[in-house]
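J.: Please read through the structure below; I'll follow up with questions.
The values are calculated or read from the model by the stated rules, or taken from the named source; none is laboratory data. Just so it is clear, the structure is predicted and the values come from calculations on it, not from any experiment. Positions of Cβ are generated from backbone atoms using ideal geometry, with glycine treated the same way; all protein chains shown enter the neighbour counts.
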Amino acid sequence: MPTFQTVRGMRDLFGKEAQTFTHILDSARRVASLFGFREVFTPHVESLELLNAKSGEEIRQRMFIFEDLGGRKVALRPEFTASIARLATTSLKTEPKPLKMFSTGTVYRYDEPQRGRYREFWQSNFELLGSNKPESDAEIILLTNKFLQTIGLQGFAFKIGHIGIIRSILSQDGVDEKTQNAVLQRMDKKEYDLALKLVDSEKCRYTLQSLINVKGKNWQDTIDQINVVVSTYEKAKIATENLFEVLTSVTSSTKISLTVEPAFARGLEYYTGIIFEVYIPQLEIALGGGGRYDHLIETFGGEPTPAVGCAHGLDRVTIALQTQNTECTVKTSYKIVVIPISESVKIDALKIAQLLREHGISVEFELMGRKMGKALEDADKRSFDYAIIVGEQELKEGAVVVKDLKTREQTTVSIDCLLKKLKIETFLPINK
């Protein structure tokens, strides 16, 4: 028989890694609730036309594309935003604004697999639709900051830019949208020389090079330098003022580590305003990022709708936690195994297991038919807190044996007093 492996770029999650993912997903949901985002679920498969609309050339080339049985071109989602935009123009079209939506799940890109980059990878995604206020951009940055704090990450910092500054310069100097997209793609990869060669205007090249050279001591200093560079570009000046307002909102609200890079770009074509990514010093890969996209909903047939959002790469966040040796434990109650000592007491033992489950307690039943010693040995290996041993003699007295697997102490306890003996009330309320 052949031995099957996972498809290249895909992977299984189990053990501590699965536990870390559970911790991260739970943290994302808690933060979503804190900021008033409601969870939505969208399909893994979308029409190719939808995903092609504004994904960016690099992502378009890396999508998993196929034809369904009806002959329609479809693809596995490479990110969440296009699906959210579709949802906003259909089912949620008449919902009051702002719409604040949160999603988690897997997305797919045909990248070359390497550390922190898989062909199937996990994201948590947040989208805020309907507000063009600087506070909306600030809230997305503050949300990301809170999320990374909640999972226990240390020393992370934000890199922040504004696509509106770069596009305004290119537009004023007559660069068409297709060329603008090509310039931004190369700037995203820090291929600045190649980016500048795509621009005919000497003035435009000089201005972009000046932006690339801006290095401020702090974000306010950087903003001052940008204002000098764009002094003859009216729309770029407005974009710079918007960047200033967003950063003022962010830094006035919380303590946060950030730098401003005016030549910073991201690979998606739909960004129109502020953009950001977040890093830790130990890794060169971004853990997440986002930005403003005010025209995407309109592209998909909706009303003009300002929007801002972000996504966090949960695989990379996991690597960051591992790099910083951050332990993630997920435990909500005692872990208990129920062990019947003979065939004759199995039904009664199952009833006891079910009694505990009805009170929200994690219980496993000894299903392998092991003898007592082997069953307890297995319970130790799997870090159970208690073993409840169900024997014939004890049952006749309406009792069971409770063994504390940490202290090795065991006592006989009446079934009626079992919950109290285990002190379950310190974890979950007992129904009276």
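J.: If I filter segment 158-177 for residues that are closer than 16 Å to SER253 by Cα and either within 24 Å of the chain's Cα centre (by Cα) or not in a helix (DSSP H, G or I) (or both), do I get at least one hit? Let's see the steps before the verdict.
T.: Here is the first cut: in segment 158-177, the ones closer than 16 Å to SER253 by Cα are 158.
Going one step further and asking which of them are either within 24 Å of the chain's Cα centre (by Cα) or not in a helix (DSSP H, G or I) (or both), we end up with 158.
For segment 158-177, residues closer than 16 Å to SER253 by Cα and either within 24 Å of the chain's Cα centre (by Cα) or not in a helix (DSSP H, G or I) (or both): present.
J.: Counting just the residues of segment 256-276 that are of a type in the set (D, E, K, R) and within 22 Å of the chain's Cα centre (by Cα), which one comes out farthest from GLY289 (Cα to Cα)?
T.: GLU269
J.: Identify all residues within segment 156-191 that are at pLDDT 95 or above and farther than 25 Å from SER231 by Cβ; write none if there are none.
T.: Of everything in segment 156-191, those that are at pLDDT 95 or above and farther than 25 Å from SER231 by Cβ turn out to be PHE156, ALA157, PHE158.
J.: Can you tell me which residue in segment 62-114 is nearest to LEU48 (Cα to Cα), limited to those that are without any contact (Cβ under 8 Å) to a residue 24 or more places away in the chain and β-branched (Val, Ile, Thr)? Steps first, answer last, please.
T.: Narrowing segment 62-114 to residues without any contact (Cβ under 8 Å) to a residue 24 or more places away in the chain: 65-71, 90-92, 94-96, 112, 114.
Add one more test, that the residue is β-branched (Val, Ile, Thr), and what stays is 65, 90, 94.
Working: ILE65: 7, THR90: 18, THR94: 26 Å.
Looking at residues that are without any contact (Cβ under 8 Å) to a residue 24 or more places away in the chain and β-branched (Val, Ile, Thr), I get ILE65.
J.: At least 3 residues that are free of Cβ contacts under 8 Å to residues at least 40 places away in the same chain and buried (at least 18 other Cβ atoms within 10 Å of the Cβ) in each: list the strands (runs of 3 or more DSSP E) lying fully within segment 364-427 that qualify.
T.: Numbers: elements: 386-390, 399-404, 410-414.
Once the strands (runs of 3 or more DSSP E) in segment 364-427 are filtered for at least 3 residues that are free of Cβ contacts under 8 Å to residues at least 40 places away in the same chain and buried (at least 18 other Cβ atoms within 10 Å of the Cβ), what remains is 399-404.
J.: Still on this structure, I have one more. Could you check LYS93 against (1) more than 16 Å from the chain's Cα centre (by Cα); (2) closer than 25 Å to LEU321 by Cβ; (3) not hydrophobic (A, V, I, L, M, F, W, C) and say which number it fails?
T.: Going through (1) more than 16 Å from the chain's Cα centre (by Cα); (2) closer than 25 Å to LEU321 by Cβ; (3) not hydrophobic (A, V, I, L, M, F, W, C) one by one, LYS93 breaks only (2).
J.: Taking into account only those residues within segment 226-283 that are among the basic types (Lys, Arg) and touching a residue at least 40 places away in the same chain (Cβ under 8 Å), which is nearest to GLY313 (Cα to Cα)? If you could, list the steps in order and put the result at the bottom.
T.: Taking segment 226-283 and keeping what is among the basic types (Lys, Arg), we get 235, 237, 255, 266.
When the remaining residues are screened for being touching a residue at least 40 places away in the same chain (Cβ under 8 Å), the result is 235, 266.
On the way: LYS235: 33, ARG266: 15 Å.
Filtering segment 226-283 for residues that are among the basic types (Lys, Arg) and touching a residue at least 40 places away in the same chain (Cβ under 8 Å), the one nearest to GLY313 (Cα to Cα) comes out as ARG266.
J.: In addition: When you go through GLN322, GLN354 one by one, which is the residue that is over 30 Å from VAL390 (Cβ atoms) and either at pLDDT 95 or above or not small (Gly, Ala, Ser) (or both)?
T.: Values: GLN354 fails: over 30 Å from VAL390 (Cβ atoms).
Of GLN322, GLN354, the one residue that is over 30 Å from VAL390 (Cβ atoms) and either at pLDDT 95 or above or not small (Gly, Ala, Ser) (or both) is GLN322.
J.: Just checking, how many residues over segment 343-394 are under 22 Å from GLY15 (Cβ atoms) and of a type in the set (Val, Ile, Thr)?
T.: Count: 1.
J.: Another one. With the requirement that a residue be β-branched (Val, Ile, Thr) and part of a loop (DSSP other than H, G, I, E, B), what does segment 13-45 give you? Walk me through it before giving the result.
T.: Just the residues of segment 13-45 that are β-branched (Val, Ile, Thr), to begin with: 20, 22, 24, 31, 40, 42, 45.
Residues satisfying the conditions are VAL40, THR42.
J.: Run down ALA379, ALA349, ALA375 and say which single residue is touching an Asp or Glu at 6+ places or on another chain (Cβ under 6 Å), at pLDDT 90 or above and over 16 Å from LYS421 (Cα atoms). Full working, then the answer.
T.: Working: ALA379 fails: touching an Asp or Glu at 6+ places or on another chain (Cβ under 6 Å); ALA349 fails: touching an Asp or Glu at 6+ places or on another chain (Cβ under 6 Å).
Of ALA379, ALA349, ALA375, the one residue that is touching an Asp or Glu at 6+ places or on another chain (Cβ under 6 Å), at pLDDT 90 or above and over 16 Å from LYS421 (Cα atoms) is ALA375.
J.: Let me ask something else. Quick check on segment 205-219: of everything there that is in contact with a strand residue (DSSP E or B) (Cβ under 9 Å, 6 or more places away or on another chain) and not aromatic (Phe, Trp, Tyr), which residue is surrounded by the most Cβ atoms within 10 Å (Cβ to Cβ)? Break it down stepwise before answering.
T.: Let us first name the residues in segment 205-219 that are in contact with a strand residue (DSSP E or B) (Cβ under 9 Å, 6 or more places away or on another chain), namely 214, 216, 218-219.
Those still in the list that are not aromatic (Phe, Trp, Tyr) too: 214, 216, 218.
On the way: VAL214: 18, GLY216: 16, ASN218: 11.
In this case the residue turns out to be VAL214.
J.: Hey, another quick one. Could you check segment 279-360 for helices (runs of 4 or more DSSP H) lying wholly inside it with 3 or more residues that are under 21 Å from the mean Cα position of the chain (by Cα) and closer than 21 Å to PHE121 by Cα? Please lay out each step first, then the result.
T.: Details: elements: 296-299, 314-323, 346-358.
Output list reads 314-323.
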